[in-house]
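Each remark here refers to the structure printed beneath this line.
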Amino acid sequence: RGSVSDRAESEQVVLAAAGPIATVAYETGWAYVLGKPIVTIGRRDRPLPFDIDVHPVLLDDSAGDADRLVASIQAAFYGTPHGIPGDCLQATIDHVRSRFAASDDVETQALLGALTAEDATQVRLLLQAIAARVPGAQPLVTIPTFPGCYPAGRTVFHVTAFRDWTHAAQEETRAACVRGGFEYRIGYERIGEDILLEVWKDICGSSLIVADVTHLNPNAAPELGIAHALGRRTLILTQNRQPHVHFPPIEKVRTHHYDAVGGRAALAGLV
């Protein structure tokens with residue numbers, strides 16, 4: 001239940017090794033939100049560094065490597081790698097109508113009135129037209145890999161590794177949710193048959209995300225990527241001093257350092 005090693009040289013060795021893997025994992029999260037075909041490549045003699053639901057192409061320097069890679073690319077473009085039933089068409093229409101109900105733009109209101117779940121292609125075109133009329137930062141219309149959902153109520157999802165040194169942040173975040181009237185969710189308490197799908201639902205359905213990127217855990221990185229791609233408000237925590245150097249996706253994003261042992265009061269105030 002302690003903190004990670006406080007030796008700076010040890011920390012930098014860990015982050016340097018974890019950074020490239022975490023970056024790939026983070027970009028995989030974006031690919032899920034954007035609905036991009038995914039091909040994963042690994043070595044037959046090495047374990048995969050993080051878990052996703054796409055069967056990897058395992059290379060072994062044999063003559064069959066090229067054929068396996070081509071077959072995987074074809075399957076990604078023309079196959080159904082996930083096969084998750086359902087859609088979020090009506091939920092998206094309801095969400096957009098609620099979000100822009102107060103708009104005083106006549107054309108936006110006309111576009112909202114034209115939305116109907118009978119034609120998915122028409123819905124996408126109408127949503128793009130609505131998004132284009134939003135001043136400032138415009139919403140992104142995507143067709144994600146999994147059926148989406150939207151935040152309902154006050155919910156926090158905690159992205160984290162499941163290690164002894166993560167307990168302090170879990171405890172303080174859970175306590176802060178109780179104080180603030182938020183529902184607290186964390187992956188190991190909500191494990192279903194399809195782990196990634198359950199995580200996807202929790203991130204989509206949460207209004208706030210707390211992401212602990214200590215040691216650039218490769219299984220937390222894709223969840224952070226999903227949260228960022230969905231535009232969820234995210235508080236990034238870390239026990240590391242300079243994770244940005246080894247993890248470019250957070251180079252320009254505010255992160256918050258915490259001490260799991262000697263800084264519990266400061267951590268409680270932060271969350």
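The values are calculated or read from the model by the stated rules, or taken from the named source; none is laboratory data. Remember, it's a predicted structure, so these values are computed and weren't measured experimentally. Backbone-built Cβ (ideal geometry, glycine too); neighbour counts: all protein chains shown. Only protein heavy atoms, including side chains, enter the accessible area calculation; ligands, DNA and RNA are left aside. Shrake-Rupley method; radii C 1.70, N 1.55, O 1.52, S 1.80 Å.
Numbers for the structure displayed
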{"read-out": "Lys/Arg +1, Asp/Glu -1 at C-beta; the range 132-206 dipole; positive extreme among Pro151, Ala175, Pro135", "value": "Pro135"}
{"read-out": "For Gln239, distant residues with modelled amide H under 5 Å away", "value": "Thr214, His215, Tyr258"}
{"read-out": "Convex hull (Cα only) mean projected area of the range 86-155, reported in nm² to one decimal", "value": "5.4 nm²"}
{"read-out": "For the range 11-111, radius of gyration divided by Kirkwood radius, i.e. Rg to Rh on alpha-carbons", "value": "1.17"}
{"read-out": "Given charges at beta-carbon only (K, R positive; D, E negative), |dipole| of the range 42-119 in Debye", "value": "260 debye"}
{"read-out": "For the chain, accessible area per residue (1.4 Å probe, heavy atoms of protein chains only), Å²", "value": "54 Å²"}
{"read-out": "FRET efficiency, Asp61 to Val24 (Cβ-Cβ, R0 25 Å, nearest 0.05)", "value": "0.75"}
{"read-out": "Separation of the Ala71 and Gln12 label points, Cα + 7 Å toward Cβ, nm", "value": "4.6 nm"}
{"read-out": "Distance (nanometres) between label positions extended 7 Å along Cα→Cβ at Val245 and Ala266", "value": "1.9 nm"}
{"read-out": "Over the range 93-234: Rg over Rh, Cα atoms, Kirkwood Rh", "value": "1.04"}
{"read-out": "Inter-site label distance for Glu189 and Glu171 at 7 Å from Cα along Cβ, in nm", "value": "1.5 nm"}
{"read-out": "Potential lengthening between Glu107 and Arg43 on full extension [0.36 nm per residue; Cα-Cα distance subtracted]", "value": "17.7 nm"}
{"read-out": "Ranked order, Tyr32, Tyr184 - accessible area, probe 1.4 Å, largest first", "value": "Tyr184, Tyr32"}
{"read-out": "Three principal axis lengths of the chain [C-alpha, angstrom, descending]", "value": "61, 59, 34"}
{"read-out": "Per-residue HN-Hα couplings for the range 169-182 [Karplus 6.51, -1.76, 1.60; θ = phi - 60°; Hz; x = Gly/Pro]", "value": "5, 4, 5, 6, 5, 4, 5, 5, 5, 4, 5, x, x, 9"}
{"read-out": "Carbon and sulfur %, accessible surface of the range 29-182 computed with the full protein complex present, 1.4 Å", "value": "56 percent"}
{"read-out": "For Leu58, residues with placed amide H under 5 Å, excluding near neighbours", "value": "Gly42"}
{"read-out": "Other-chain or far-sequence residues with amide H under 5 Å of Thr155's (modelled H)", "value": "Glu183, Ser207, Leu208"}
